[in-house]
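Engineer: Mind having a look at this structure? Questions to follow.
The values are calculated or read from the model by the stated rules, or taken from the named source; none is laboratory data. If you're wondering where the values come from, they're calculated on a predicted model, not measured in any experiment. No Cβ is skipped: glycine too gets one built from the backbone with ideal geometry, and neighbour counts run over all protein chains shown. Accessible surface areas use protein heavy atoms only, side chains included; no ligands, DNA or RNA. Shrake-Rupley method; radii C 1.70, N 1.55, O 1.52, S 1.80 Å.
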Amino acid sequence: MIAAHSLKTFRDSWRAYAGAVVALAGGTGLIGVAVNLLGSLGTTSGQAGVPAQVRAQLDDLGSLFGFVASISLFMALFVVSSTFAFVVATRRRELGLLRLIGATPRQVRQLLLGEAAVVAVLGSTFGMVLATAVTPLMFGVLDLTGMTPVPLTAPAPGTAWAIAAPLGAGVALTGAWRAGGRAGRTQPAEAFRAAVLERRRPGVLQALGAVAALAALVSAVALAPRMDLLFALLAGMLLPIVAVVGINGVGGLVYPALAGLVGRVADRDPAARLARDHARASVRMTTAVAAPVVAISALAGSLLLTMSFGTDGTEGADRAALTAPLVAEVAGDTHSIATAPGVATADVRRTVEARLGRGTVEAEVVDVAASASTRSLRAVRGSLDGLRGAGVAVTESYVSDLGGRVGDVRTLQVGDVRTKVTITAIVPDAPNLWADVLVPHDLPGVAAAARPVGTVFVVPGDVTGDGEDVAAVAATLREAGADVATAEEWIRRKADVAREMNDFVLLVMLGPAGVYAAIAAVNAVLIGSSQRRHQLRTARLLGATPAQVRRAAVWETCFTGAAALLVGGAVTGFVGWFIRQAVMRDVPAAPLTIPWLPLAGMVAACVLVVLAAGVAGARAATRE
């Protein structure tokens, strides 16, 4: 009986649930695409003959899409939660009547959860159909754009359906659970109330979540001057989520007050004053509109600064370590560089595919003396004197990811040759200058398997005797077919490529989340406007024109959006400060690059979200 009534009420209120179904379908679809991609990547990387570097690229691509899907589900949870919270608020009299005629709190809660189950079935089904249709197209795009080093084949959709559909259903039921509990606490007297005062204070769980988030942020402030850059970068991806969850826990106190404060800028317009009062009084609607805008602005802004400042750290480390004045990129044989006139030292980067422990790595074969003179290769723990024979060195990030310390003995396999090696040194991170694992050229099996990657760090000798030796050697190497750049030019190129890739990755990651933010904001405005029918009619009876009513709706959404952007900007600024502290600790000479254009694009996207919600609210306000 409850299930049948849930289905009937869903049909009657389908417009209120449309946004939740669309958002859930998008999140479930992205999870399905990510599962298909991960399955294909796993199959491809496990094939014989696939180089370790290609496997690493495939693993990174899989992690990217997994993170995209996670953010999408996180935003879908916002939409579902706000939708059911509004549904409970708008139907309080109906729910009160059900209690009045004998429905128990459990039955009322089951009614809401039944409607959530309908949303779960529809959203998950649409999402998986979408994932099945989009996966081959996505693989084609990845192949055409060169993001995948090898072609991918779409796997059978069964695994994606089995994983993504339950996750989507879980998001729907989780988002509705709290609203269902609130519906179950509806009193019979609600059937006779014409109005209700919206509560501003947070619940116990919300308050505890806000306190925990505040404690995490305070701890981050205390640890920032002493935190390693790698851990800071990881924390920079988590801190905005922690901050958003904490702020939304007390959103009923923060967002209406801040929207009212922003609204003071337009006091001369009566419609703006009405909108400001609505924003302060309509706690639920203001919070529901602001929450997704805060989420997308804080996440996007924080990730932009985190990745930009991380690139600054790498650029600064490269600039401090690279002492060779010239860098040559060679497509073919590197022997001609070493034997070119005027070249005193040619440090050729060579790699070898190896298994170290249980993982496959792309180890770099180094000549310690040459690398120390051209790239300032040094040990932060242990000694490079042992990097010969069965000695190896690893970077600090390798130790952080996989563990290890000086003196550890591991099994390293190159081809069919297995050797017990000892970690003799731990070196600083410099991904553009050396790999995570360094092996000597006399390690068994390395000499035959090593291959150049095409990069040669060149130290010229005295050619002309008048200070023009660097330019003369560069000209000679260009005549030999090499692409030669000064150290500064080469470092800048690497940094520019990294920033371009960062921007592209963030666009892929946060593009769907921006769509969900728009759905959430528009959905909240439409449902909130349905609550105000009597207020809007009263305003019309008192002489407000349709244009004033529409203008008030737009003003209210703009005030709320501005408040949300201020909060998102504060979170972004905090995370940027946190990352910068770690960068300056590890690389004091690191440049400071603020990605103004991507940040402006992010703000413009949030403004479009707010304007879309404002237009929807204006149309809904004059529909009656």
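Engineer: I'd like to check one number: the per residue accessible area of segment 280-406, probe 1.4 Å, reported in Å² as a whole number.
Structural biologist: The answer is 36 Å² per residue.
Engineer: Classify segment 307-409: rounded, prolate or oblate, from the alpha-carbon gyration tensor (a ≥ b ≥ c, eigenvalue square roots; a/c under 1.5 rounded; otherwise prolate if a/b is larger than b/c)?
Structural biologist: It comes out prolate by the Cα gyration axes.
Engineer: Now a separate question. May I ask you to derive the relative contact order of segment 269-382, considering only C-alpha pairs under 8 Å and at least 6 residues apart, and to give it as an integer percent?
Structural biologist: Worked out over segment 269-382, it gives 19 percent.
Engineer: Tell me, what HN-Hα J-couplings in whole Hz come from the Karplus equation 6.51 cos²θ - 1.76 cosθ + 1.60 at θ = phi - 60° for each residue of segment 23-31, using x for Gly and Pro?
Structural biologist: 5, 5, 4, x, x, 5, x, 5, 4
Engineer: Could you please report the charge total around Trp434, scoring K, R as +1 and D, E as -1 over all other residues with beta-carbon less than 14 angstrom from its beta-carbon?
Structural biologist: Residues close to Trp434 contribute a combined charge of -3.
Engineer: May I pose another question? How big is the charge dipole of segment 373-428 about its Cα centre, in debye rounded to the nearest 20, if each Lys and Arg gets +1 on its Cβ and each Asp and Glu gets -1 on its Cβ?
Structural biologist: The dipole of segment 373-428 has a size of about 120 debye.
Engineer: Next question, about the same structure. For a quick check: with amide H placed at 1.01 Å from N, whose amide H comes under 5 Å from Ser376's, ignoring anything fewer than 5 positions away on the same chain?
Structural biologist: Thr323
Engineer: Further question: Once you have the Cα-Cα distance between Val221 and Arg492, take 0.36 nm times their residue separation minus that, and quote the gain in nm to one decimal.
Structural biologist: Result: 94.4 nm gained on full extension.
Engineer: Could you calculate the contour length gain from Leu566 to Thr159, that is, 0.36 nm times the residue separation minus the distance between their Cα atoms, to one decimal place in nm?
Structural biologist: 142.3 nm
Engineer: Sequence gap at least 6, Cα distance under 8 Å: using those rules, report the relative contact order of segment 338-462 to the nearest whole percent.
Structural biologist: Relative contact order for segment 338-462 comes out at 39 percent.
Engineer: Oh, and also: Could you compute the FRET efficiency for Phe231 and Ala320, with r as their C-beta to C-beta distance and R0 at 22 Å, rounded to 0.05?
Structural biologist: It comes out at approximately 0.60.
Engineer: Obtain the nm distance between the two label points defined at Ala257 and Glu479 by a simple spin-label model: each point lies 7 Å from its Cα along the Cα-to-C-beta direction.
Structural biologist: With each label point 7 Å from Cα toward Cβ, the separation is 7.4 nm.
Engineer: Residue by residue, what Karplus-based ³J(HN,Hα) values in Hz, rounded to whole numbers, does segment 547-560 have, using 6.51, -1.76 and 1.60 with θ = phi - 60° and x for Gly and Pro?
Structural biologist: 5, 5, 5, 5, 5, 5, 5, 5, 4, 4, 5, 5, 4, 5
Engineer: Right, another one. Under a 5 Å amide H to amide H cut-off, with H placed in plane at 1.01 Å, what residues pair with Arg381 once short-range neighbours are removed?
Structural biologist: Those qualifying (amide H under 5 Å, at least 5 residues apart or on another chain) are Ile426.
Engineer: Got a number for carbon plus sulfur as a percent of segment 225-292's accessible area, 1.4 Å probe?
Structural biologist: Here it works out to 69 percent.
Engineer: How many nm is it between the label spots at His335 and Arg268, if each spot is 7 Å from the Cα in line with the beta carbon?
Structural biologist: Distance between label points: 8.1 nm.
Engineer: Here is a follow-up. Tell me whether segment 237-370 comes out rounded, prolate or oblate; compute the Cα gyration tensor, take square roots of the eigenvalues as a ≥ b ≥ c, and use a/c under 1.5 as the rounded threshold.
Structural biologist: Prolate.
Engineer: A further question follows. Expressed in nm to one decimal, what extension gain is obtained for the pair Thr545 and Ser397 from 0.36 nm per residue of sequence separation less their Cα-Cα distance?
Structural biologist: Result: 46.9 nm gained on full extension.
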